[in-house]
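Readers should treat all values here as calculations from the given coordinates under stated rules, not as data from a laboratory. Quick caveat: nothing in here was measured; it's all calculated off a predicted structure. Cβ placement follows ideal geometry from the backbone for every residue including glycine, while neighbour counts extend to all protein chains displayed.
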């Protein structure tokens, strides 16, 4: 019954449910795939992606602008996270999950938006827009350099954790996105000479 309902909805209500003129796309995961390099798994909620599109995503060291080399979806009855042979597409329409292969994606941040540079768009303006999400989070970091260290796997989970700390009146000294490394632990230890109560690194669990 559920399968029939979904099929009928897709066949008869596609135009009412989808607004393909406006792109809405979110980065879910950044992964290294053998033979493809660093890729991003995204959810295309609205709009259309084409092979060769110029895209802009939020990065740890600034905005990342690159061209889509390949749009990939899993074989039928498979998931993106399962290693398998992928199906290549010239075009992907919403709504679905897709793996994007492109250059320079190593620093891409999971949970951030993905924008496409259109013929009438200014690439620098889109880069500023995409980095606005991260900059709004950076504004919550204590300017005194005193507070706990916060780390998360995605932009969304980092935002949720920062909001909880804000409502709890707990200052934050540094934030980071991605796996926890030794340098991150050492950075948190710097609070030893300032405020011992803040020698804490709060991290959202990683898969």
Nitroxide proxy distance, nm - points 7 Å out along Cα→Cβ at residue 8 and residue 43: 2.6
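Taking 0.36 nm per intervening residue step and subtracting the Cα-Cα distance, what contour gain separates residue 54 from residue 106 on full extension?
17.1 nm
Compactness ratio of segment 2-135: Cα Rg over 2.2 N^0.38 Å, N = residue count?
Details: Rg = 15.2 Å, N = 134, 2.2 N^0.38 = 14.1 Å.
Normalised Rg, Cα atoms only: 1.08.
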Residues 131, 96, 1 in order from fewest to most other beta-carbon atoms within 10 Å are 1, 96, 131
Order 26-39, 51-64 from most to least packed using the mean count of other Cβ atoms within 10 Å. 51-64, 26-39
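How would 136, 168, 65 line up from fewest to most surrounding beta-carbon atoms within 10 angstrom?
Working: 136 11, 168 7, 65 19.
Sorted ascending by nearby Cβ count, the order is 168, 136, 65.
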Using a basic spin-label model with each label point 7 Å from the Cα along Cα→Cβ, how many nm lie between residue 122 and residue 66? 2.6
